[in-house]
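See structure below.
The values are calculated or read from the model by the stated rules, or taken from the named source; none is laboratory data. All values reported here derive from a predicted model rather than from experimental measurement. No Cβ is skipped: glycine too gets one built from the backbone with ideal geometry, and neighbour counts run over all protein chains shown.
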Amino acid sequence: MLTLDSHAVGRHFLQIPGPSPVPDRILRAMSLPTIDHRGPEFGVLGMKVLEGLKGIFKTTSPVVIYPASGTGAWEAALCNTMSPGDRLLMYETGHFAALWTQMAARLGLGVEIAASQGQDDVLPHAPNWRRGVDADLIAARLGADTQHAIKAVCVVHNETSTGTTSDIAAVRAALDACRHPALLMVDSISGLACADYRHDEWGVDVTISGSQKGLMLPPGMSFNAVSARALEAARSARLPRSFWAWDEIIELNKNGYWPYTPNTNLLYGLSECLDMLHSEGLEHVFARHRRWAAAVRAAVNAWGLPIQCADPKVYSPAVTGVVTPPGIDADALRKLIYERFDMSLGTGLGKLKGRMFRIGHLGNSNDLTLLAALAGCEMGLKLMQVPVRGSGIQAAMDHFAAHPGGLAA
Ligand code: PLP
């Protein structure tokens, strides 16, 4: 066996914003024997998860499942719908949006980056990494594109690197206001099953998601929810694709099968996760995430540290970015917390490396787990001699005491 961590007892605190902790129920479901992926039982499993996923994406369209990480599903979305040289408008909200842009360029697509403008005192080198998508900027650019050269608008619903969400309905409204035919592609890899998401109602053409965040599964499975317009675009799109091609997969999915060997045991886990989410009810799932996020922010505010997301309207329910004071290396703080308290926090990504850390509060958690996680952060901050104003744990406890769980949260 590998030595997975140096702490012999107790549970490791996995407080990164995905992979999130996998519930025992899902681990048990995944331990069932692997079955013949072309046998009769498999089709039942396939049909169940393919149908069940539609409810999570709030769509009646097909949801394609890939045995790949989220990055694969990004590529699938682009290469199924685009042709060499096609132009994309991609909104940069953070590191993941930037990586998707880099991928599009590598695939030979023409990339135009939109980003919020303005100054920022806390993170002067990354002002747009503190805010969500500004739909007006998208409307302005699309309005000027009278020849309809832009073939798709790409945005990230929950920017995991910053803790910022974006208003996807507003982006749809921007496209509609300009009567622009571009496809709308949304990465909801860390938003799905944490924040409200409505593929059909928001007129999204391709939603990209992954297994290891709100769905509480291990990494290794990702998704494309695909609108009728996206399927139509795929008929004439000319980027090369084979493994990712939707048509063959959707055809075989009609009976619950795949053209290749799917990840059977992850599909058992997915089936269990769907049972859990559907029986809890999505609205309850979202409310629980909002409430946790508010408690974590109460703690960060009590410490007197800046929350990375600068716009309270778009605070993420899944992850909170915490900016460390200048001169305090956030990765050294994370290392100390890992070594002393057996807790993993998310690192600052890209240009924010060392300037911030991220507290994941998604999926399989509860009030006391989060309080313990905040205690680990607070002890780490004190041990690093970071000046903190007050007790974040107390603030989070007060929040939980004053806001009982449930739909009203
Ligand atoms: N997009 C977002 C918003 C993410 O959070 C991630 C991973 O954390 C990705 C894309 C990439 O997914 P993966 O690492 O599963 O390939």
>> Given the criterion within 13 Å of the ligand (Cβ to nearest atom), within 25 Å of LEU239 (Cβ to Cβ) and of a type in the set (S, T, N, Q), identify the matching residue among SER166, SER188.
In response: SER188
> What pairs come up if the first residue lies in the range 212-233 and is over 23 Å from LEU282 (Cβ atoms), the second is within 16 Å of the ligand (Cβ to nearest atom) and not hydrophobic (A, V, I, L, M, F, W, C), and their beta carbons are under 8 Å apart, counting only those six or more places apart or on different chains?
Replying inline: GLY220/PRO67; GLY220/SER69; GLY220/SER211; GLY220/GLN212; GLY220/ASN263
>> For the range 38-53, which positions are in contact (Cβ under 8 Å) with a residue 40 or more places away in the chain and surrounded by fewer than 18 Cβ atoms within 10 Å (Cβ to Cβ)?
In response: ARG38, GLY43, VAL44, MET47, LYS48, GLY52
>> For the range 169-185, give me each residue that is closer than 19 Å to ASN128 by Cα and within 16 Å of the ligand (Cβ to nearest atom).
In response: VAL171
>> So the check is Cβ under 7 Å with 6+ separation or different chains; which pairs have a first residue in the range 135-160 that's loosely packed, with under 14 Cβ neighbours inside 10 Å and a second one that's at pLDDT 95 or above and among the charged types (D, E, K, R)?
In response: ALA149/ARG87
> Which numbered condition trips up PRO404, out of (1) at pLDDT 95 or above; (2) over 24 Å from the mean Cα position of the chain (by Cα); (3) of a type outside the set (Gly, Ala, Ser)?
Replying inline: (1)
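Could you grab me the full set of residues in the range 91-103 that are surrounded by fewer than 24 Cβ atoms within 10 Å (Cβ to Cβ) and not acidic (Asp, Glu)?
Once the filter is applied, which keeps residues that are surrounded by fewer than 24 Cβ atoms within 10 Å (Cβ to Cβ) and not acidic (Asp, Glu), the range 91-103 yields HIS95, PHE96, ALA98, LEU99, THR101, GLN102, MET103.
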> Of all helices (runs of 4 or more DSSP H) completely enclosed by the range 1-117, which ones contain at least 2 residues that are more than 16 Å from the ligand (Cβ to nearest atom) and at pLDDT 95 or above?
Replying inline: 24-30, 40-57, 70-81
> Scanning the range 118-136 for residues that are assigned to a helix (DSSP H, G or I) and of a type outside the set (Gly, Ala, Ser), which turns out farthest from the ligand (Cβ to nearest atom)?
Replying inline: ASP136
>> Can you pull out every residue in the range 137-190 that is farther than 28 Å from VAL319 by Cα, assigned to a helix (DSSP H, G or I) and of a type outside the set (A, V, I, L, M)?
In response: ARG141, GLY143, ASP176
> Looking at the range 290-299, which of its residues are under 11 Å from TYR315 (Cβ atoms) and in contact (Cβ under 8 Å) with a residue 24 or more places away in the chain?
Replying inline: ARG290, ALA293, ALA294, VAL296
> Of the numbered conditions (1) surrounded by 19 or more Cβ atoms within 10 Å (Cβ to Cβ); (2) at negative phi; (3) outside any helix (DSSP H, G or I), LEU370 satisfies every one except a single condition; which is it?
Replying inline: (3)
>> Could you list, ordered by first residue, the pairs with Cβ atoms under 8 Å in which the first is in the range 70-91 and more than 12 Å from ASP187 (Cα to Cα) and among the β-branched types (Val, Ile, Thr) and the second is assigned to a helix (DSSP H, G or I) and more than 16 Å from the ligand (Cβ to nearest atom), at least 6 apart or interchain?
In response: THR81/ALA230; THR81/ALA233; THR81/ALA234
> Given the residues GLY256, GLY304, GLY321, which is the only one that is among the small types (Gly, Ala, Ser), touching a residue at least 40 places away in the same chain (Cβ under 8 Å) and more than 30 Å from PRO124 (Cα to Cα)?
Replying inline: GLY256
